[in-house]
Amino acid sequence: SADQDFAQTLQAAAMQTHARVVERAKADPGGRNMATTLTLFLGVWPKAYLLQIGDSRCYLMRDGALTHITRDQTMAQELVDQGLLTRADAPRTRWAHVLSSAIGGQQTTPVVSRLTAHRGNVHLLCSDGLTKHVPDERIKHRLASMTSAKQVCEALLQDALDGGGSDNITLVVSRIQPTS
């Protein structure tokens, strides 16, 4: 019950934020297209909560396996889900970066997931400025060989810049170390 209440609280907070951004956009003559994505990771040992809206991602690296644990909220992903587009073709379509859900957008669908934390898990939260230019295999290699969060963030940032760096590049890396 407490987990469900907390998840609902996170969803409500996201919707309140959405309402404030919409209100602000209406008040600002230049704010018509004001919107943003959100990926929030909150660790409360031995659990973690993930709130996601849009196409910013969360990856989990555990025991050498990289898993994309969020679902991109884009028109391309909607078409993949409907069987109208293949997963391989999705990144190359004009719909790849058209958001189907965003804070301040036409539609906002916050998704809250509850995860079990494990010692040594590495989480990467990132904007599409990284994933647009750095393939998952490269991300996996970087996370597997990381010596610190700072080092891997700098390496992934450089990979994205070297790959074209055509969008904002935001990334946060953490490794779970529980308290005794």
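Inspect region 44-56 for any residue being farther than 23 Å from ALA13 by Cβ and open to solvent by less than 60 Å² (accessible area, probe 1.4 Å) and give the result as yes or no.
There is no residue in region 44-56 that is farther than 23 Å from ALA13 by Cβ and open to solvent by less than 60 Å² (accessible area, probe 1.4 Å).
With respect to LEU115, is the statement that it is closer than 18 Å to TYR59 by Cβ, in contact with a helix residue (DSSP H, G or I) (Cβ under 9 Å, 6 or more places away or on another chain) and of a type in the set (A, V, I, L, M, F, W, C) true?
For LEU115, the condition - closer than 18 Å to TYR59 by Cβ, in contact with a helix residue (DSSP H, G or I) (Cβ under 9 Å, 6 or more places away or on another chain) and of a type in the set (A, V, I, L, M, F, W, C) - is not met.
How about region 1-33: which of its residues are of a type in the set (A, V, I, L, M), over 15 Å from VAL111 (Cβ atoms) and open to solvent by less than 60 Å² (accessible area, probe 1.4 Å)?
Scanning region 1-33 gives ALA19, VAL21, VAL22, ALA25.
State whether one or more residues within region 124-132 are out of contact with any helix residue (DSSP H, G or I) (no Cβ under 6 Å at 6 or more places or on another chain) and free of Cβ contacts under 8 Å to residues at least 12 places away in the same chain.
No, that holds for no residue.
Which of the residues that make up region 13-58 are closer than 22 Å to VAL98 by Cβ and in a strand (DSSP E or B)?
Within region 13-58, THR36, LEU38, THR39, LEU51, GLN52, ILE53, ARG57, CYS58 meet the criteria.
Quick one: in region 114-129, of everything that is over 17 Å from SER145 (Cα atoms) and aliphatic (A, V, I, L, M), which residue is farthest from the chain's Cα centre (by Cα)?
Among those residues, the one meeting the criterion is ALA117.
Return the residues of region 137-168 that are open to solvent by 40 Å² or more (accessible area, probe 1.4 Å) and in contact with a Leu (Cβ under 6 Å, 6 or more places away or on another chain); say none if nothing qualifies.
Passing the criteria: LYS140, ARG142.
Could you list, in sequence order, all residues of region 169-180 that are surrounded by 13 or more Cβ atoms within 10 Å (Cβ to Cβ) and of a type outside the set (Lys, Arg)? Give the derivation first.
In the first step, residues of region 169-180 are kept if they are surrounded by 13 or more Cβ atoms within 10 Å (Cβ to Cβ); the result is 169-176.
Those that are surrounded by 13 or more Cβ atoms within 10 Å (Cβ to Cβ) and of a type outside the set (Lys, Arg): ILE169, THR170, LEU171, VAL172, VAL173, SER174, ILE176.
Check every one of the helices (runs of 4 or more DSSP H) wholly within region 72-150 and list those with 1 or more residues that are touching a Lys or Arg at 6+ places or on another chain (Cβ under 9 Å).
75-81, 128-131
The values are calculated or read from the model by the stated rules, or taken from the named source; none is laboratory data. Quick caveat, the model's predicted, so the values are computed rather than measured. Cβ sites come from the backbone with ideal geometry, for glycine too, and all protein chains shown count toward neighbours. The area values use the complete protein model at the heavy-atom level, side chains included, leaving out ligands, DNA and RNA. Shrake-Rupley method; radii C 1.70, N 1.55, O 1.52, S 1.80 Å.
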